[in-house]
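Working notes, beginning with the structure itself.
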Amino acid sequence: MDAAALWQRYQDWLYYHEGLGFYLDVSRMGFDDNFLQTLQPKLDKAFKDLAALENGAIANPDENRMVGHYWLRDPDKAPSLELKQGIIDTLEKIETFVHKVHEGEIRPPKAPKFTDLLSIGIGGSALGPEFVAEALAPDFPPLAIHFIDNTDPAGIDRILTKIRDRLASTLVLVISKSGGTPEPRNGMIEVQNAFAAQGLDFAKHAIATTGVGSNLDKTAHSQGWIDTFPMEDWVGGRTSELSAVGLLPAALQGIDIRAMLAGAKEMDAATRIPDLKNNPAALLAVSWYYVGNGKGEKDMVILPYKDSLLLFSRYLQQLVMESLGKEKDLDGNIVHQGIAVYGNKGSTDQHAYVQQLREGVANFFATFIEVLKDREGSSPEIDPGITSGDYLSGFLQGTRKALYENKRQSITVTIPQVNPYTVGALIALYERAVSIYGFLVNVNAYHQPGVEAGKKAAAEILDLQTKVVQLIQQEGKPMYLSQIAEKLGATEDIEAIYKIVRHLAANDRGITLHGNLGKPNSLTVSTT
Ligand SMILES: O=P(O)(O)OC[C@H]1O[C@](O)(CO)[C@@H](O)[C@@H]1O
């Protein structure tokens, strides 16, 4: 396509939303009118299905749940007065609580005010709060946030060491919808130990966001924690940033949560329009469908040219991959759907993996996230008439052009600046695009059976570990791995047994390995 035709295509397809100051450019995706015509019936159906979803249809058949994250920013859209009131009440409760914490009315027993916030959660109960903290937290927030988002002991130590001197003024927020996920439970217990070691009353520092009636909810109530906040049944983890999950930590950091909700509401209104050219979420979903043949054949590389949006790709990774990565479609056919997502930030990535994007395997499409405003205040000139921001902008344009010249397709999302309003809008945009794409490829975007399988397998390993240790202790003499496996009636699990004892031995857990470490069959295992 020559320059004039490309410029025309750019203008023909440019989406602009005045209220949000938001642009979407899909001109560098190669679809044509023919393709769009073919897809139109599916798209019309997706619009209808999505409207039904927003009206309260059961969209998650195997869990018999509604999917209502859209109602969080527009409670009038909730399908019942009770749900609407619940949303309003939770928001007010968050604001009242946060005000009291900031004013020192809710305070720790041994300090005048809370100074730090330790958020414990994983997946959807961490990625949104982490992304928003990185994007929006003020430089000197009323409470500085820290995250424990894994069961890595060294990772937990790192955070606890960092806040050791301020534990007495740390508010701990445990987030878990199910209230039974092992990683946050482990984090919570480790943090409880750290509080106990300093003679601090953990319960007087702790709050939880969780499903009403969950184990975590029960623990919080029975131990007399400061408060609990509900995570509604109809909000999935990966779409929970604008529920109490994300709003509470954001507000505690001094982020304007009403503006986040307003941005999302405005984007929801824009993406509800059943007309491709006037609906940015549909434009995204259709572009993804086109480029990956409706089978996710191309990876989505997210390139935000703004440091504060660094974690957007990690956030989107869960939203997109946990929603769309499915073995079966809604009719039970094996489809192995999904779109792989990765990314970091520009222009940093240009010095890392953009070389491959331009010249290597063409298995991706890029999404540039452009922010028009460089910084608050004026910029010094680096070269005559040129600022650092001009460089950043130039690098974005240059990379987009270089990719296009090599037949690598791209989308460009442009926002005026990074603020609560635009971040709320970005979250809503991708939530809706994922929903539409899910309907286009006919998968249930609201469950995650694959993750459940991994959790089950992990629980079996821990069960096996208990049995292995008991056996070695009972036998009281060195045993070969094959003997352990046989005695436990677990010959198929010999590799797992080997890895269990190797891990225990590496951590001085009362197990020793003798023999050639490179030849597992030669090893004997005994108590230390
Ligand atoms: O909030 P919870 O119940 O602890 O779950 C955390 C995460 O785990 C998952 O269920 C996957 O295992 C995610 O969908 C969820 O965001």
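The values are calculated or read from the model by the stated rules, or taken from the named source; none is laboratory data. Given the structure is predicted, the values throughout are model-derived calculations rather than measurements. Cβ coordinates were reconstructed from backbone atoms using ideal geometry, including for glycine residues, and neighbour counts include every protein chain displayed.
Points worth noting:
- For region 236-248, residues that are away from the ligand (no atom under 13 Å from the Cβ) and not in a loop (DSSP other than H, G, I, E, B) total 2.
- Where HIS351 falls short, out of the listed (1) under 25 Å from SER27 (Cβ atoms); (2) at pLDDT below 95: (1)
- Residue identified as among the charged types (D, E, K, R) and away from the ligand (no atom under 15 Å from the Cβ) among ASP233, ASP217, ASP256: ASP256
- Set side by side, the residues LEU171, LEU160, LEU117 differ, and just one is buried (at least 17 other Cβ atoms within 10 Å of the Cβ), in a helix (DSSP H, G or I), more than 16 Å from the ligand (Cβ to nearest atom) and at pLDDT 95 or above, which is LEU160.
- Flag for VAL354 being closer than 24 Å to THR414 by Cα, within 16 Å of the ligand (Cβ to nearest atom), in contact with a strand residue (DSSP E or B) (Cβ under 9 Å, 6 or more places away or on another chain) and of a type outside the set (S, T, N, Q): no
- For region 363-386, the criterion of a residue being free of Cβ contacts under 8 Å to residues at least 60 places away in the same chain, in contact with a Gly (Cβ under 7 Å, 6 or more places away or on another chain) and buried (at least 16 other Cβ atoms within 10 Å of the Cβ) is satisfied by at least one position.
- Count of region 448-487 residues which are among the polar types (S, T, N, Q) and either in contact with a strand residue (DSSP E or B) (Cβ under 7 Å, 6 or more places away or on another chain) or within 16 Å of the ligand (Cβ to nearest atom) (or both): 2
- Hits in region 55-74 - residues which are on the phi > 0 side of the Ramachandran plot and of a type in the set (Lys, Arg): none
- Meets criteria (within 21 Å of ARG107 (Cβ to Cβ) and touching a residue at least 60 places away in the same chain (Cβ under 8 Å)) for ALA168: yes
- Subset tally (residues that are in contact (Cβ under 8 Å) with a residue 60 or more places away in the chain, within 16 Å of the ligand (Cβ to nearest atom) and not small (Gly, Ala, Ser)) for region 182-206: 5
- Tally of residues being assigned to a loop (DSSP other than H, G, I, E, B) and surrounded by 19 or more Cβ atoms within 10 Å (Cβ to Cβ) across region 284-324: 6
- Residue within region 131-145 that is assigned to a helix (DSSP H, G or I), within 16 Å of the ligand (Cβ to nearest atom) and in contact (Cβ under 8 Å) with a residue 60 or more places away in the chain present: yes
- Assessment of region 53-76 against the conditions (under 29 Å from the mean Cα position of the chain (by Cα), closer than 18 Å to ILE436 by Cβ, at pLDDT below 95 and assigned to a helix (DSSP H, G or I)) yields at least one matching residue.
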